[in-house]
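Below is one structure; the comments refer to it alone.
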Amino acid sequence: MSTAPRTVVHLLRHGEVHNPDGVLYGRLDGYHLSELGREMAQAAARHLEDHDVTHVVASSLTRAQETATPIAQAHGLPITTDDRVIEAGNSFEGERVAGMRASAFVHPRYWGRLTNPLKPSWGEPYSEIATRMVEAIAEAREHARGHEAVLVSHQLPIWTARNQLAGRHLWHDPRKRECRLASLTTLTYVGDDLEAIEYCEPAAALLTRSHGGTG
């Protein structure tokens, strides 16, 4: 029987953001959770309240910090800010995307950004996202060894980390990401070995009221 410690790292996507103009906000700061997003953060905190959480991490972006706050408060912990879990860089950041059809991106002014979807050429390479996320996960696992850690991050970084850890290719169809708002991608380690990757949606009941999100 293994005596290696069991450590759990939860990758939590932030809740819904107040974004009435439908901007692809990316790494732009100052985008707060909407009222529904705050409900989602509370739902995630309730889901984790009886878990043995000893370490809480979030990116520096406002929406991640606000999502982490009720979890940290429930466990009497500080929030460690780590921008290795920040949103992916994207050259479309700041552009209004609400209501825009995918076909709009084939306009000639975008051609230079769309040369290599496998990298991708319009933003931070998937390989770089994977590297920084896996490093942040490893450090959080050390901090919480034998207990549980929560890392509040963003959709693309979480999905990229999951693909990397599962041994899948990193390029993908963004429409098929399993990483909805306030969802948990849970990594369970025995010693240093990844035993399981699980997914759940603590805020599932709230998602029907959501306008979605872009990060």
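The values are calculated or read from the model by the stated rules, or taken from the named source; none is laboratory data. In this text, all values refer to a predicted model and were calculated from it rather than measured experimentally. Glycine also receives a Cβ, built like all others from the backbone with ideal geometry; neighbour counts cover every protein chain displayed. For accessibility, only protein heavy atoms count, side chains too; no ligands or nucleic acids. Shrake-Rupley method; radii C 1.70, N 1.55, O 1.52, S 1.80 Å.
Quick notes
- Coil-residue chymotrypsin sites (Phe, Trp or Tyr not before Pro) of segment 120-197, DSSP, other Cβ within 10 Å capped at 14: Trp171
- Each Cα pair under 8 Å and six or more residues apart adds its separation to the average, and for the chain the resulting relative contact order is 34 percent.
- Between amide H atoms placed 1.01 Å from N, distances below 5 Å from Ser59 occur with Asp82, Val152, all of them 5 or more places distant or on a separate chain.
- Sulfur and carbon atoms: percent of accessible area, the chain [1.4 Å]: 50 percent
- Nearest-ten-degree value, helix 126-143 long axis tilted from longest Cα axis of the chain: 20 degrees
- Here is the list for segment 130-182: trypsin sites (Lys or Arg not before Pro) lying in DSSP coil, each with at most 14 other C-beta atoms within 10 angstrom of its C-beta, are Arg168.
- Remark: the chain carries 49 Å² of accessible area per residue (probe radius 1.4 Å; ligands, DNA and RNA excluded).
- Using the Cβ-Cβ distance between Arg209 and Trp171 with R0 = 35 Å, the FRET efficiency computed as 1/(1 + (r/R0)^6) comes to roughly 0.65.
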